1. Report, in debye and to the nearest 20, how large the dipole of the range 101-140 comes out about its Cα centre when Lys and Arg carry +1 and Asp and Glu carry -1 on their Cβ.
2. Normalise the Debye intensity by I(0) for the range 112-217, one equal point scatterer per Cα, no solvent, then take log10 at q = 0.17 Å⁻¹ and round to two decimals.
3. Write down the Kirkwood hydrodynamic radius of the range 167-212, to one decimal in angstroms, obtained as one divided by the mean of 1/r over all alpha carbon pairs.
4. What FRET efficiency do you get for PHE119 and ASN141 if R0 is 45 Å and r is their Cβ-Cβ distance, rounded to the nearest 0.05?
5. Counting other C-beta atoms within 10 Å, and keeping those with at most 14, which DSSP coil trypsin sites (Lys or Arg not before Pro) do you find in the range 126-155?
6. Cα gyration tensor of the range 205-271, axes a ≥ b ≥ c as square roots of the eigenvalues: rounded (a/c below 1.5), prolate (a/b > b/c) or oblate?
7. Sort 103-113, 184-194, 251-261 for me by packing, meaning the mean count of neighbouring Cβ atoms within 10 Å per residue, highest on top.
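Each reported figure results from applying straightforward, stated rules to the coordinates on display, with no laboratory input. These numbers were taken from a predicted model, which means no experiment stands behind them. Cβ: placed from backbone, ideal geometry, glycine included. Neighbour counts: every protein chain shown.
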Amino acid sequence: MLRSLVRSAVSVGRQSVVAAGQPTLTIRSLSATSVRPFGSRKDKDTSSGTSSGTSSGTSSGTSDDECDYYGYHSIRPLGPKNRLPSFKGTAVVDGDFKPISNADYTGKWLVFFFYPLDFTFVCPTEIIAFSDRVEEFRKLNCEVIACSCDSHFSHLAWVQSPRKEGGLGDMKIPVLSDFSKNIARKFGVLDHETGLAYRGLFLADPKGQIRHTTCNDLPVGRSVDEALRVLKAFQFVEKHGEVCPADWEDEKPTIKPGVKTSKEYFNKVNK
């Protein structure tokens with residue numbers, strides 16, 4: 001009986017099916033605007049027991065501004081021109097627990113990177129590499145945060161483990177806990193099958209706008225040199241108004257954007 005009621009309602013976008021002695025069923029069809037490829041937050045129920053919509057029972061949709069997460073409620077992945085999502089949580093800082101949030105980094109460049117899991121193999125090599133070279137970032141008014149979906153207690157145990165045994169040892173950067181997975185959902189890096197975060201890295205400018213992203217599958221680590229290179233390149237562009245070609249590094253030629261002005265660069269490098 002129940003199955004036949006559901007089948008009869010599938011062809012309708014969203015409606016209530018009522019049968020004598022049976023509870024009301026709410027059916028919502030999937031459409032191009034309701035399918036979202038990244039994280040998720042369910043619509044809040046109203047007092048009538050149906051998800052948010054108009055009085056006629058049709059869904060009014062949910063805009064990006066109304067969403068707690070970018071995830072399923074945005075049809076685009078998090079990338080350049082997006083604002084860095086808000087975040088807050090408990091981090092291990094200097095061997096102790098400390099609450100941190102995006103508000104703590106206002107006016108600074110920020111490298112925010114995810115890693116899959118504590119006490120693994122590639123992850124400590126990345127975190128240690130960023131931590132050991134964080135002063136190079138700080139000289140450029142940039143802070144670095146590492147984040148995973150482990151608890152802050154797990155983070156602390158890992159920090160207290162010696163590096164020779166795969167631990168992190170002394171850390172100069174915050175290691176943030178995202179135990180609820182909400183931060184990974186917001187950034188669009190949560191693997192819903194495993195509950196782990198992909199190796200996403202986000203560079204945001206002092207205004208909170210994302211300027212650069214990378215996202216690796218789990219087996220391959222990232223390059224601190226490349227993160228520094230990209231940071232320096234964006235800061236050069238901000239300061240000088242010229243653009244940086246492939247593999248640009250300090251002291252290398254840059255390009256004055258424009259049909260005529262760019263020829264100075266091309267004549268210099270193509271001899």
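1. Dipole size: approximately 180 debye.
2. These q points yield log10 I(q)/I(0) values of -0.79.
3. Numbers: mean 1/r = 0.0796 Å⁻¹.
One over the average 1/r among Cα pairs gives 12.6 Å for the range 167-212.
4. Values: r = 33 Å, r/R0 = 0.73.
Using R0 = 45 Å, I get an efficiency of 0.85.
5. Numbers: sites: ARG133, ARG138, LYS139; in loops: ARG133, LYS139.
Within the range 126-155, the qualifying trypsin sites (Lys or Arg not before Pro) (loop, at most 14 other Cβ atoms within 10 Å) are LYS139.
6. Working: a/c = 2.62, a/b = 1.67, b/c = 1.57.
Taking the square roots of the gyration eigenvalues as a ≥ b ≥ c, the range 205-271 is prolate.
7. On the way: 103-113: 17.4, 184-194: 20.3, 251-261: 11.1.
Going from most to least packed, we get 184-194, 103-113, 251-261.
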